[in-house]
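Chemist: Here's a structure for you.
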Amino acid sequence: MDITQLTKQLRDIASTLDSIDASLQSMSQSDEKETRAFVSKRTICSRLNVPSVALDKLIHQGVASGGDSGLVEGVHFCRTDPAERNSSKFLYDSQRILNSAWRSFQNV
């Protein structure tokens, strides 16, 4: 591997980390004083005991509803890269997802 390829890869990594950092900061800056935990798709699916396709359907529902229902980007999850489309690469806010699921269950 030559220096040019290495430099390009380091630039890509730095760009991705900047994107993650900006997304996580915007999600964590809220008036609510609760602990934030950002986890992988596998972890959140395990915690909710649902298949990964169910999470994909909730993301689609969030997009289709304009954020009125389902999982909403910037509230429930963030992309590791703005161009990323693979939901297994997103980071999920476990507390907000569980709170939303509980409110849905209670019909609030």
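The values are calculated or read from the model by the stated rules, or taken from the named source; none is laboratory data. Everything quoted here is computed from the prediction, not taken from an experiment. Note that each Cβ is placed from the backbone with ideal geometry, even for glycine, and that neighbours are counted across all protein chains shown.
Chemist: Could you grab me the full set of residues in segment 81-90 that are surrounded by 15 or more Cβ atoms within 10 Å (Cβ to Cβ) and either part of a helix (DSSP H, G or I) or within 9 Å of the chain's Cα centre (by Cα) (or both)?
Modeler: Passing the criteria: 87, 90.
Chemist: Let me ask something else. For a quick check of your reading of the model, give me the residue pairs whose first member lies in segment 44-68 and is under 16 Å from residue 98 (Cα atoms), whose second is exposed (fewer than 12 other Cβ atoms within 10 Å of the Cβ) and not aromatic (Phe, Trp, Tyr), with beta-carbon atoms closer than 7 Å and at least 6 apart or on different chains.
Modeler: 45/51
Chemist: Does residue 49 satisfy being within 12 Å of the chain's Cα centre (by Cα) and modelled with pLDDT of 85 or more?
Modeler: no
Chemist: For the structure I just gave you, tell me whether residue 42 is under 30 Å from residue 12 (Cα atoms), assigned to a helix (DSSP H, G or I) and modelled with pLDDT of 75 or more.
Modeler: Values: under 30 Å from residue 12 (Cα atoms): yes; assigned to a helix (DSSP H, G or I): yes; modelled with pLDDT of 75 or more: yes.
Judged against the criteria, residue 42 is a match.
Chemist: For the structure I just gave you, tell me whether residue 93 is surrounded by 11 or more Cβ atoms within 10 Å (Cβ to Cβ), within 14 Å of the chain's Cα centre (by Cα), under 30 Å from residue 12 (Cβ atoms) and at pLDDT 90 or above.
Modeler: No; evaluated as a whole, the condition is false for this residue.
Chemist: Also, I was wondering about something else. For segment 69-77, state whether one or more residues are farther than 25 Å from residue 17 by Cα, in a loop (DSSP other than H, G, I, E, B) and small (Gly, Ala, Ser).
Modeler: yes
Chemist: Just to check your reading of the model, which residue among 24, 17, 55 is modelled with pLDDT of 85 or more and either surrounded by 12 or more Cβ atoms within 10 Å (Cβ to Cβ) or not basic (Lys, Arg) (or both)? So that I can check it myself, show each step before the final result.
Modeler: Numbers: 24 fails: modelled with pLDDT of 85 or more; 17 fails: modelled with pLDDT of 85 or more.
Every option except 55 fails the conditions.
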